[in-house]
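Engineer: Got a structure for you, questions after.
The values are calculated or read from the model by the stated rules, or taken from the named source; none is laboratory data. As the structure is a prediction and not an experimental result, all values here were calculated from the model. Glycine gets a Cβ as well: all are built from the backbone with ideal geometry, and neighbour counts include every protein chain shown. For accessibility, only protein heavy atoms count, side chains too; no ligands or nucleic acids. Shrake-Rupley method; radii C 1.70, N 1.55, O 1.52, S 1.80 Å.
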Amino acid sequence: MILQETYTLSNGLEIPKLGLGTWFIDGDQAARVVRDATTIGYRHIDTAQAYGNEAGVGEGIRSCGVAREQMFVTTKLAAEVKSFAEAASAIDQSLQTTGLDYLDMMIIHSPQPWEEFGGDDRYFEGNRDAWRALEEAYDAKKLRAIGLSNFRAADIDNIFAACSVEPMVNQVLVHISNTPAELIAYSQQHGMLVEAYSPMAHGELFKNTIVAEMAERYGVSLPQLSIRYTLQLGLLPLPKTANPDHMRTNADVDFEITEDDMEALQKIEEIRDYGNASMFPVYGGA
């Protein structure tokens, strides 16, 4: 069962192959959601400073009845934090907010502040400074792994040119109809595991009849097909849900998509409009 399987990061740390995303899950619901997930068998929870639910996630981890060392908790350094001092303070704040002695992983949420995402300024110096703070927290064992999110090739190069600890993951938007093959390959070539957030394309895939028909042919739901797709690409999917029934079905992905169908899914027309989720990046490549 996928909930019992792991990948191994470049530093030797094991990370569960399926995680629970918590974007848009309110802080007052987060503890219950985490407890529900751990009861079902999830051991990997993904949050962020920007989500405003770190406290609830931490409460859920502390109260779920699963030993802390069996859980994997990721949070993200806010995209706007681009100095060493701010990053060091923000790392400590996440530890305080979650009430945890350590975090399994922290990643830089974006190479650019969200309001400037896609602009000309890549914030190279600020990202190097933020990375140095993550390295120091990693060396101090506050963090067991560190990584990136939404980083393109040039942003990755910038970190690797100056780092003493290499990034272990790059978390990016990947789903059927948006598979940035060049960026995935580039990240993997640099020893990073690629995590796939929003594998359901913020719900937009429900509108695609071709994908729906394929899911029906396999006798699975559209989310199950989407999650299996990312797993067969060697990625780590992070589907978001607060519904325990959906948590269960999202983890029931012990089937195989044929090579021909995988190829067809990679050629599905790209989604251009994500509605209310349009602030998040869409990559066509590295």
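Engineer: From VAL253, VAL282, which residue is at pLDDT 95 or above, assigned to a loop (DSSP other than H, G, I, E, B), within 30 Å of VAL57 (Cα to Cα) and aliphatic (A, V, I, L, M)?
Structural biologist: Residue meeting the stated conditions: VAL253.
Engineer: Okay, moving on. I'd like to know if the range 247-256 contains one or more residues that are open to solvent by 40 Å² or more (accessible area, probe 1.4 Å) and under 18 Å from GLU204 (Cα atoms).
Structural biologist: no
Engineer: A further question on this structure: Mind checking whether some residue in the range 52-60 is closer than 26 Å to TYR7 by Cα, in contact with a Gly (Cβ under 6 Å, 6 or more places away or on another chain) and in contact (Cβ under 8 Å) with a residue 60 or more places away in the chain?
Structural biologist: No, every residue in the range 52-60 fails to be closer than 26 Å to TYR7 by Cα, in contact with a Gly (Cβ under 6 Å, 6 or more places away or on another chain) and in contact (Cβ under 8 Å) with a residue 60 or more places away in the chain.
Engineer: Next question, about the same structure. From the residues in the range 188-202 that are among the small types (Gly, Ala, Ser) and touching a residue at least 60 places away in the same chain (Cβ under 8 Å), which one is least open to solvent (accessible area, probe 1.4 Å)?
Structural biologist: Top of the filtered list is ALA201.
Engineer: Which one of these does ASN276 not meet: (1) under 28 Å from GLU115 (Cα atoms); (2) modelled with pLDDT of 95 or more; (3) of a type in the set (S, T, N, Q)?
Structural biologist: Looking at each condition in turn, ASN276 falls short on (2).
Engineer: Quick one: in the range 17-51, of everything that is touching a residue at least 60 places away in the same chain (Cβ under 8 Å), part of a helix (DSSP H, G or I) and open to solvent by less than 10 Å² (accessible area, probe 1.4 Å), which residue is nearest to GLY234 (Cα to Cα)?
Structural biologist: Checked the range 17-51; the qualifying residue nearest to GLY234 (Cα to Cα) is ALA37.
Engineer: Tally time: how many residues in the range 52-67 are in a helix (DSSP H, G or I) and open to solvent by less than 10 Å² (accessible area, probe 1.4 Å)?
Structural biologist: 5
Engineer: Of all residues in the range 86-133, which are of a type in the set (Gly, Ala, Ser), more than 17 Å from ARG152 (Cα to Cα) and free of Cβ contacts under 8 Å to residues at least 24 places away in the same chain?
Structural biologist: SER89
Engineer: Restricting attention to the range 213-227, which residues are open to solvent by less than 40 Å² (accessible area, probe 1.4 Å) and in a helix (DSSP H, G or I)?
Structural biologist: MET214, ALA215, LEU222, PRO223, GLN224, LEU225, SER226, ILE227, listed by residue number.
Engineer: Okay, next question. Quick check on ALA181: is it among the aliphatic types (A, V, I, L, M), over 28 Å from LEU13 (Cβ atoms) and modelled with pLDDT of 95 or more?
Structural biologist: no
Engineer: Any idea which of (1) under 22 Å from THR230 (Cα atoms); (2) part of a helix (DSSP H, G or I); (3) not aromatic (Phe, Trp, Tyr) is the one SER10 doesn't satisfy?
Structural biologist: Failed condition: (2).
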